[in-house]
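Worksheet for the structure shown next.
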Amino acid sequence: MASELAFRDVSRSFGAVKALDGVTFSVAEGEIHALIGENGAGKSTLLKILAGIVQPERGQLFWRGEPLVCSSPRQALERGIGMVYQEMLAFPNLTVAGNIFAGREITKTGGRLDERAMHARTKALLDELHIPVSPDTPMEQLPAALSQLVQVARALAFDCKVLVLDEPTTSLTDVEVDHLFREVRALKARGMTVLFVSHRIPEVFRLCDRITVMRDGKYAGTFDRETTTPDTVVRAMVGRTPPPRLTPAGSAHVQAPVRLEVRGLGKRGRFSDVSLAVRKGEVVALFGLVGSGRSDVLEAIFGTRPADTGTVEVDGAAVRLNSARAAAQAGLSLVPEDRQRQGLCFALSQRDNIAIPRAEKIGAARVNRLEETSVCDAQRQGLNIKTPSLDSTPDTLSGGNQQKVVAAKWLATSPKVLLLDEPTKGVDVGAKFEIHGIIRREVDAGMACLMVSSDLPEVLALADRILVMREGRLQGELAGATATDDAVMRLATHEATA
Amino acid sequence: GGGTDTAAPKKLRFALIPKSLDIPVFNYANAGAQRTGKELGVEVVYRGPDTADPLKQKEVLESFITQKVDGIAISVTNAEFLKSTIDRAVDAGIPVVTWDSDAPTSKRIAFYGVDDFRAGQIMGDEAGKLLNGKGTVAFITSLGANNLQNRLDGAKDSLKKFPGISVVETYDIKEDSVRCAELIATGTQRYPNLGAWISVGGWPVFTQRALDPVKPEKTKFISFDTVEAGPALLRSGKVQVLLGQKYFGWGSESIKLLNDIVHGKMPSAKIIDSGVDIVTPANLDEYLALFKKMESGG
Amino acid sequence: MKPIWRAREFSTILILALEVLFFTWYLWPAGGGAHPFLNLDNFLLVLKYSSIYGIAAVGAAIVIIAGLIDLAPGAIIGLTSVVTGYFFVEAGWSLPAAMIAGLLVGVLAGGVSAFLVVKIGLPPFIATLGVMGIWRGVGFIVTEARFYDLSSKLPQDWHVAGVSVDWAGPIIMVALALGFHWLMRTFQWGRAVFAVGGNETAALFSGIRVGRVKTLVYIIAGLLASVSGVVLAVVQGQGKADLATGYELDIIASAVVGGASLTGGRGSVLGAVLGALIFGVLRNALPQIPGATFYDRMIVGVVVIVIVVMDQMLVKRSRA
Amino acid sequence: MKPIWRAREFSTILILALEVLFFTWYLWPAGGGAHPFLNLDNFLLVLKYSSIYGIAAVGAAIVIIAGLIDLAPGAIIGLTSVVTGYFFVEAGWSLPAAMIAGLLVGVLAGGVSAFLVVKIGLPPFIATLGVMGIWRGVGFIVTEARFYDLSSKLPQDWHVAGVSVDWAGPIIMVALALGFHWLMRTFQWGRAVFAVGGNETAALFSGIRVGRVKTLVYIIAGLLASVSGVVLAVVQGQGKADLATGYELDIIASAVVGGASLTGGRGSVLGAVLGALIFGVLRNALPQIPGATFYDRMIVGVVVIVIVVMDQMLVKRSRA
Ligand SMILES: Nc1ncnc2c1ncn2[C@@H]1O[C@H](COP(=O)(O)OP(=O)(O)OP(=O)(O)O)[C@@H](O)[C@H]1O
Ligand SMILES: Nc1ncnc2c1ncn2[C@@H]1O[C@H](COP(=O)(O)OP(=O)(O)OP(=O)(O)O)[C@@H](O)[C@H]1O
Ligand SMILES: [Mg+2]
Ligand SMILES: [Mg+2]
């Protein structure tokens, strides 16, 4: 096999952390190559080296046998390496078309922008990917998942030799993923080499030809999709056999008291007539396609994007609809979808990030460092947050570990009702199970949980009941045996019920 | 336009423009002008830039020209800067007189006030006398203002007569009276045996505190302006000489001049020297009595 | 193409119009006669003085759109007037040559700011604050706190191609505003400025030469400030180090009132000029109100707030 | 606990120490005799005048940490001195009563800024720029550009409990700095300020009352500015509307030199006071260099830049 792109003995450390340690492997021309590994294994760092953002301390990259040096993103782009970053890198002030072409605008003579051409090209691209967005929409108005899709579209808009996709699917459901994969395969057919990172193993098997596994900054093997199994790959990734999945407790909670009661919630143009109840000890999932209004509903309940109509009650007491603070005091907690914008404060230490919601909740006046240290350390262990020190800022963490810090923030508050919006986005398989275990434990101790997740297997594994949304309306409820892949997807996409 | 309508007995409207609204002594000019205005039955509009910014002053001046007031009395921040505009006003038939600070090369009809260079010379002479012709002097000024520069030049000029006197420093307080107090303190640190301070503006006598570090037995103090804390400082011996200007006269005389000009009576001279009041502990009571009379409208 | 009332500048224009209407009404001469505010001479006056802020505000808007800030324009205006004055009056150069020397001041000054921000990585606020002190200081050192009188070497009542030199400022302001508006809206470079201000990291990762964009932005801002300084020196006839002291805040305020957001990525060059006119009308009209002498500052403060509130309401509405 | 040389303030202290050392060396008296810079009286002098900026800079640092900006402190200082002066001199109130009236000015002023930013949602820069104009204006309306001489009604060479009033400013500055440092570092409220400045949306989701935090931040900043104004009025003995004109930039610069980042979420109250001292030493020492009058603006500008560059190098090293 012709080795197009080769990493040879690539090493890089950040302070005491060895992010990459002598990584050597190669990617063949025209293949779709997956890169998997636990959170913090070094995947993003490796890809950032390829994209010219991080410089390796040792080792070299080769392209068709020639050494490849990218000392800046611009250089990498010029060499035909396009990348979709794990962290959102949108221009909130530009339109969707402006975002797609930022830095590589289509121009007429003299550097004048050819708006019409860019508009048309954007439109075509969005249609191919089935992204229901107008090219003129300001980027800041898009929800996280659509914004992620637009960035994928951005990478597809240009002819590059190597396309790098670092966790592009974290908040997409299978439907959007399918559209994306179709495009990626088309690119492959045109000879493009694709590097793909994901924590969703089934997805990896669906798309990729070969799979390279990384562990603790080291290369842990490359597998042919044809000849390997998910279990083998996961074992190579974590170094042991993963724990078994939880099975949902089923609908044994019908007698339990209702903790969260939502009646007739509506917001013009977004969603309408959403009524639901979550009982004590229950995990209810809200499933739907991207843009179906799930995040809107959660934020409306929490009060950060207030609804126009409807009521929310926690343990029978009405909650004010327009104040996050009131919601928090009533016992609601929301783990938001967008960890960079809504979840983390990058100027503060990880410890402070984790401790703040809890301190606000219990109304502490003084900062109790001792107590917080023990709380934070417990979270760190429970979620297996891979960090040299909780005193460092979150920007030194890998994406998945950042997400774990976000989850820790709210798990530490032990609320009455936990609202989760994509809580395990970008989290590796092992940690995902840990988080599920923690949620289960808290719920069994009396909490109620309403969860939004685009990861259908996760929803099926964790939820007692599944509410399906489409175009801002609840389409139905599935529980127990009726909750199957097919049934859920049919409700989420089916036209007949409309 | 109707602005020059002479048929109706229209009340005359004169503009009084100070260098800046935030310099306290100009209020006396306004007081004097308003009083005279009332006596003469004319309207006096007091307007100026809020800081001593020549450009903003020019804008105000031009604005009065387009408003076609009947006369303008202005204390000029920057003579060359305003020259052409003053000329334009005069050419347009609006008489202009200057007060406090002149624009000698312009077509202004008259100037009422003290020649800043001369006033500076007086300060230099007084310092020479106080120091008996030998010792060191430090100046306090605010860089950028032409009239202050002229006073400074005047003082330095007359100090040349005293070969035993040397100027150690010229401090720039940037129109900030707190900065002035700080510099007096710092300067005293640096030159503990300083012979005399000469301040070409009134900042040091806005408060009694600014002169705290000055030891009168070693260091003499001469300042422009007689406002607020000045008399008390003279009495306590911290200050030896203050130069008072004809604050009320700036306003009242200018308005009288304008009124005469409009009624066809040209002033006798282009430069009407108001003279300065050299206030020392000896004549302080006399001066204060006079000042009070002026203030209460006598 | 968006309809005109959707344009970001529309609300600023509306506010300016309201302001003019208000003063026209308020200052209506009681006994008939000429209107002291609503007349051509007075409009030229407003334009002439606004242009000093407005030209520099074009640069400030671009700087702010790029997510930066520049506190130096006031000092650059002052130093430019000094340098132009020096070469014209002292060194005896021809006026065009002296003007070019003045413009070079701005280019150089912008380059220094850019160097500190881009190469050394200083925060823009503090870097340009230091730079502001330096240029003011240089002006004082050159002049020793005196000034150059250009006016006496220039023709009285000077007309160029039949147009009074008083019109120079307004004409240059409008030309620059339109030119840079066009540049910012229809050229790749302008788009890059918006991108850098919107998300610097993303811009870098998109292959935009962020450092180069920022450098050019500061150089343009410096150049425009010195255009303003040259206009000041020539039209007003003086070169003095302390000219335009404190104007940096007024210039930034013009840009902000015109829609620039200090968080970067948003703003309008045309809006900045309109903002300068809004302040210019205030500076012109307030002194015409009898008895308001000591109220000026307060009124300006209140008006700034009212304008921004109105703008916010207008823009919100037009978005909905 | 971090070792002391890891603290954010360490680099600022080091720079201050270097500055003092430099001037001690540079101003060493040639012929022996008393050192004009290195003596106790002179240090009191530096402290006394730095305190006017330093007290307000504590507030500015908190504002900046919260991701906001405040251009009003200079105007608040001026108005406070006027109000204190008015009640003490004109209305004949007792000094403590007049001082309390002065402090209320700051609370009120801070409340107005907070209202505009939090309730109306104006951008902090332009809101406080407007507010700055308003308070300056009110000062002028009250005084009609005159001023109140408090000094004549206060004892000469005044000592309180055996300590000269000259020490009042420094003592208050140090007490406030330590107090607020403690508040910011050990209380949840202080951490909330950092969180709001670091990421407002995340703070909101964390249950922090963002609006309340901001409101309190502006009120504290206003109060501290008026503490500075009261000290000025009493120690300097004057109440004048244009006092502290333009100090807003110096106050912000003190906070920034002391480590506050205008993007929010980072900064130090102690650092802000150290920053004020760094400028204070400059203001004190430069005039002691003979003939520096024309050069001091430029030197201050250069020093600002040098300091920030040094700080950057020091902080980078200690992080690595
Ligand atoms: N800028 C940085 N400073 C310090 N440490 C860093 C930095 N960037 C990455 N690291 C560390 O390097 C290691 C590898 O990070 P990387 O982002 O490559 O992981 P990853 O495999 O992409 O993980 P994830 O699946 O969570 O995205 C992590 O331990 C991380 O903490
Ligand atoms: N196609 C679209 N164009 C513009 N804005 C959209 C579009 N779809 C959704 N939005 C905006 O995004 C916000 C959040 O959307 P929504 O709640 O539907 O997200 P979601 O169903 O959770 O999906 P996601 O996974 O993308 O967050 C909505 O308030 C809406 O304003
Ligand atoms: Mg990663
Ligand atoms: Mg969502």
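Between A:Phe7, A:Cys208, A:Val367, whose Cα lies farthest towards the positive end of the dipole of chain A when Lys and Arg beta carbons carry +1 and Asp and Glu beta carbons carry -1, centred on the Cα centre?
The Cα lying farthest towards the positive end belongs to A:Val367.
Taking Cα centroids, how far is segment C:109-187 from segment B:236-298 in Å?
Cα centres, segment C:109-187 to segment B:236-298: 42 Å.
What is the dipole size for segment A:4-238, taken about its Cα centre, with +1 at each Lys and Arg Cβ and -1 at each Asp and Glu Cβ, in debye to the nearest 20?
500 debye
Looking at A:Thr109, D:Leu270, A:Pro423, which one has the Cα that reaches farthest to the positive end of the dipole of the protein assembly as shown (charges on Cβ: Lys, Arg +1; Asp, Glu -1)?
A:Pro423
Report the calculated FRET efficiency for B:Thr105 and B:Lys129 (r = Cβ-Cβ distance, R0 = 45 Å), to the nearest 0.05.
So the FRET efficiency works out to roughly 0.85.
Rg and Dmax of segment A:459-498 over Cα atoms: what are they, in angstrom?
Cα radius of gyration and Dmax of segment A:459-498 are 9.7, 28 Å respectively.
Lysines near B:Lys58 by alpha-carbon distance under 16 Å, same-chain residues fewer than 8 away left out - which ones?
Those lysines meeting the cut-off are B:Lys19, B:Lys68, B:Lys83, B:Lys107, C:Lys48, C:Lys240.
What order do you get for A:Asp174, B:Asp260, A:Asp127 when you list them from fewest to most C-beta neighbours inside 10 Å?
Values: A:Asp174 22, B:Asp260 18, A:Asp127 10.
Ranked by crowding around the Cβ, least crowded first: A:Asp127, B:Asp260, A:Asp174.
What is the Cα coordinate range of segment C:165-261 on the first, second and third principal axes, sorted by size from largest, in whole angstrom?
Principal extents (Cα only, largest first): 48, 26, 24 Å.
Picking from C:Gly207, C:Gly59, C:Gly32, which is most flexible by a Gaussian network model of chain C using Cα springs under 10 Å?
The residue with the greatest mean-square fluctuation here is C:Gly32.
Quick check: pseudo-label points 7 Å beyond the Cα along Cα→Cβ at A:Arg182 and A:Asp136, how many nm apart are they?
Using points 7 Å along Cα→Cβ, the separation is 2.7 nm.
Please arrange D:Met173, B:Met266, D:Met99 by how many other C-beta atoms lie within 10 Å of their C-beta, fewest to most.
The most exposed by this proxy come first: B:Met266, D:Met99, D:Met173.
Give the lysines reachable from B:Lys129 as a straight Cα distance under 17 Å; neighbours fewer than 8 places away on the same chain don't count.
Excluding near neighbours in sequence, the set is B:Lys156, B:Lys160, B:Lys161, B:Lys218, B:Lys220, B:Lys238.
Give me Rg/Rg_expected for the protein assembly as shown, where Rg uses Cα atoms only and Rg_expected = 2.2 N^0.38 Å with N residues. Write out the running numbers ahead of the final one.
Values: Rg = 35.6 Å, N = 1436, 2.2 N^0.38 = 34.8 Å.
Expressed relative to 2.2 N^0.38 Å, the Cα Rg reads 1.02.
Rounded to the nearest 0.05, what FRET efficiency is calculated for B:Asp91 and B:Ser236 with R0 set to 51 Å and r the Cβ-Cβ distance?
0.45
Toward the positive end of the charge dipole of the protein assembly as shown, about the Cα centre and with charges on Cβ (Lys, Arg +1; Asp, Glu -1), which of A:Gly291, C:Leu104, D:Trp158 goes farthest?
A:Gly291
Would you kindly derive the ³J(HN,Hα) couplings of segment D:231-242 from the backbone phi angles with the Karplus curve 6.51 cos²θ - 1.76 cosθ + 1.60 (θ = phi - 60°), listing them in order in whole Hz, with x for Gly and Pro?
These are the phi-based 3J(HN,Hα) values: 4, 4, 4, 7, 6, 8, x, 9, x, 8, 5, 9 Hz.
By counting other Cβ atoms within 10 Å of each Cβ, how are A:His33, A:His119 ranked from fewest to most?
The most exposed by this proxy come first: A:His119, A:His33.
Averaged over peptide D:229-240, how many Cβ atoms belonging to another chain are found within 10 Å of each residue's Cβ?
Details: counts 0, 0, 0, 1, 1, 1, 5, 10, 9, 10, 2, 7.
For peptide D:229-240, the averaged partner shielding equals 4.
Most fluctuating residue of D:Thr12, D:Thr245, D:Thr293 in a GNM of chain D with Cα springs under 10 Å: which is it?
D:Thr293
Mind checking A:339-346 for the average number of partner chain beta-carbons within 10 Å of each residue's beta-carbon?
The mean count of partner-chain Cβ atoms within 10 Å per residue comes to 5.
If you look for lysine pairs in segment A:4-238 that are eight or more places apart or on different chains, how many of them have Cα atoms under 17 Å apart?
Eligible lysine pairs with Cα atoms under 17 Å apart amount to 7.
In whole Hz, what ³J(HN,Hα) sequence does segment B:227-243 give by Karplus (6.51, -1.76, 1.60; θ = phi - 60°), x for Gly and Pro?
6, 5, 6, x, x, 4, 5, 4, 5, 6, x, 6, 10, 9, 9, 10, 9
At a 10 angstrom cut-off on C-beta neighbours, averaged per residue, how do the peptides B:47-53, B:288-294, C:270-276 rank from highest to lowest?
Highest-to-lowest ranking by the protection proxy: C:270-276, B:47-53, B:288-294.
Would you mind pulling out the separation of the Cα centroids of segment B:142-208 and segment C:202-225, in Å?
When both Cα centres are located, 46 Å separates them.
Describe numerically, in nm with one decimal, the distance between label points set 7 Å from Cα along Cα→Cβ at D:Val315 and at D:Ser164.
It is 3.6 nm.
Quick check on chain A: what does the Kirkwood estimate of hydrodynamic radius come out to from the alpha carbon pairs, in Å?
Averaging 1/r across every pair of different Cα atoms and inverting gives 23.6 Å.
List the residues of segment A:17-58 whose backbone N lies under 16 Å from a point placed 7 Å from the Cα of A:Thr232 along the Cα-to-Cβ direction.
A:34, A:36
Could you give the distance between the Cα centres of segment A:272-301 and segment C:57-106, to the whole Å?
60 Å
Could you calculate, for chain D, the ratio of the Cα radius of gyration to the Kirkwood radius, expressed as Rg to Rh?
0.98
Set the Förster radius R0 to 41 Å, insert the Cβ-Cβ distance between A:Asp273 and C:His35 as r into 1/(1 + (r/R0)^6), and round the FRET efficiency to 0.05. Working shown, then result.
Values: r = 60 Å, r/R0 = 1.46.
So, using R0 = 41 Å, E works out to roughly 0.10.
What aspartates and glutamates could a cross-link reach from B:Lys215, if we take a straight Cα to Cα line under 19 Å and drop same-chain neighbours fewer than 8 places away?
Cα-Cα hits under 19 Å: B:Glu126, B:Glu169, B:Glu182, D:Asp41, D:Asp157, D:Asp166.
Any read-out appearing in this document is the output of simple, stated calculations on the displayed coordinates, not a laboratory observation. Since the model is a prediction, treat every value here as computed from it, not as a measurement. Virtual Cβ from ideal backbone geometry, glycine too; neighbours counted across all protein chains shown.
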